[in-house]
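Just so it is clear, none of the values below were taken in a lab; they were calculated from the coordinates. Keep in mind it's a predicted model, so treat the numbers as computed, not measured. In this analysis, Cβ positions are derived from the backbone assuming ideal geometry, glycine residues included, and neighbour counts consider all displayed protein chains.
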Amino acid sequence: MENISVKKENKIGWIILNRPDKLNALSLAMLTEIEEAIKQFEVDNEVNLVIFTGNGKAFSAGADISQFKELNSISAINFARKGRKVMDYIESLMKPTIAMINGYALGGGLELALACDFRISAEEAQLGLPEINLGIYPGFGGTQRLVRLIGKAKAMEMMMTGDRISSKEAERIGLVNKVVPLSNLEEETLKFANKLLEKSPISLAILKSVILYGNDSPILDGLNMESLGWGVAFSTQDQKEGVSAFLEKRKPNFKGV
Ligand code: CO8
């Protein structure tokens with residue numbers, strides 16, 4: 001891969017955006033590589049969780065603006081749809097995902113982080129959706145995901161002013177889960193990841209679908225999904241293991257089946 005680097009370590013799949021000289025701007029080629037990496041991690045039994053981060057001083061400064069010059073209305077829609085497709089794919093991955101925000105997370109870069117389940121940010125990072133300053137607006141799902149995550153007022157403020165906010169402010173408004181100094185970012189992210197890795201991967205997968213799809217449905221449908229998911233969880237060996245471990249006063253050993 002030319003624009004990202006990928007590695008597997010201790011059940012974690014890493015996707016590291018790797019165009020540091022361009023602040024990890026998301027080109028069409030990079031989006032394709034991210035999609036490919038997700039495709040591999042999706043079916044890899046040695047990967048139970050995926051972490052995105054950036055090489056250098058940015059997580060990602062957004063879609064590659066240099067590619068905008070060639071766009072007309074049709075190709076702009078295609079660019080946006082390509083990005084959206086990749087973000088939707090990330091969001092729907094049945095394994096937990098974490099954006100480890102090491103620096104600027106702007107525009108499409110923040111939209112990528114929004115498609116992840118969790119965001120852990122370096123104190124030094126800045127977040128924003130500055131597209132309005134280019135005469136456009138977020139096009140990789142941000143207009144919808146940000147509103148759902150932090151509510152309309154703050155989301156509209158971020159999108160309509162284009163102002164960047166600090167990680168601390170992002171934490172205050174519920175945009176990021178945790179803020180830590182850059183020097184501890186990887187350690188703290190791994191601590192968080194390891195908590196998730198101790199759980200049953202299959203229960204996490206069912207829970208993630210119930211939360212994601214339930215959240216976008218009328219509440220009765222969501223509640224029904226919750227009950228049905230419960231039934232599915234009870235058909236797994238991990239559920240038997242979890243209950244047995246509790247009764248036998250030991251730590252469960254979940255296998256993801
Ligand atoms: N695209 C392409 N190149 C970029 C981008 C970008 N988004 N951001 C930075 N770069 C490049 C710079 O051009 C520069 O390249 P070079 O050295 O060749 O001149 C290099 O990265 C370093 O950047 P700076 O010199 O600007 O670094 P600074 O530390 O001075 O500034 C900033 C950092 C503040 C992050 C600044 O680079 C900046 O404002 N970047 C643009 C941020 C932005 O506007 N992002 C939104 C992009 S649009 C978007 O994401 C839309 C998503 C939906 C798209 C739908 C498809 C149509």
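Under a model in which nothing but the beta-carbon of Lys, Arg (+1) and Asp, Glu (-1) is charged, the chain shows a dipole of about 360 debye around its Cα centre.
Computed from Cα atoms, the angle from the helix 219-233 axis to the main principal axis of the chain rounds to 50 degrees. Applying the criteria of a DSSP loop state and at most 11 other Cβ atoms within 10 Å to the GluC sites (Glu not before Pro) of the range 41-86 yields GLU46. When only alpha carbons of the chain are considered, Rg and Dmax amount to 18.8, 64 Å. Candidates LEU112, ASN45, SER27 compared by Cα position along the dipole of the chain: farthest toward the positive end lies ASN45, with charges placed on Cβ. Divided by 2.2 N^0.38 Å, where N counts the residues, the Cα radius of gyration of the range 120-257 comes to 1.36. Quick check on my link table: of LYS7/LYS95; LYS168/LYS195; LYS95/LYS168; LYS195/LYS240; LYS39/LYS208; LYS152/LYS208, which ones sit more than 25 Å apart, alpha carbon to alpha carbon? The answer is LYS95/LYS168. Backbone amide hydrogens, once placed in the peptide plane, bring ALA25 within less than 5 Å of ALA61, excluding anything fewer than 5 places away on its chain. As a rough footprinting exposure proxy, the listed residues PHE52, PHE192, PHE68 were ranked by other beta carbons within 10 Å of their own, and the order from fewest upward is PHE68, PHE192, PHE52. Principal axis extents of the C-alpha atoms in the range 62-174 (largest first, rounded to whole Å): 38, 34, 25.
Once you mark the trypsin sites (Lys or Arg not before Pro) that are in a DSSP loop and have at most 15 other Cβ atoms within 10 Å, what is the longest gap between them in the chain? The longest such stretch corresponds to 58-248. In straight-distance terms, cross-link reach from LYS22 covers every one of the lysines whose alpha-carbon lies under 21 Å from its own, apart from those fewer than eight places away in the same chain; here that gives LYS57, LYS69, LYS82.
Rounded to the nearest 20, the size of the Cβ-charge dipole of the range 183-257 about its Cα centre is 360 debye, with Lys and Arg at +1 and Asp and Glu at -1. Taking the three principal axes of the alpha carbon atoms in the range 1-134, the coordinate ranges are 42, 33, 24 Å, sorted in descending order. Measuring nothing but alpha carbons in the range 201-247 and taking Rh as the Kirkwood radius, the Rg to Rh ratio lands at 1.06.
The GluC sites (Glu not before Pro) of the range 171-220 that meet both conditions, a loop assignment by DSSP and at most 15 other Cβ atoms within 10 Å of the site Cβ, are GLU198.
Mind checking which of GLY62, GLY139, GLY108 has the largest fluctuation in a GNM of the chain, springs on alpha carbons under 10 Å? It is GLY139. Pull up the DSSP beta bridges for the range 4-197 and report the antiparallel fraction as a percent, rounded to 5. So the antiparallel bridges amount to about 30 percent of the total. In straight-distance terms, cross-link reach from LYS191 covers every one of the aspartates and glutamates whose alpha-carbon lies under 15 Å from its own, apart from those fewer than eight places away in the same chain; here that gives GLU9.
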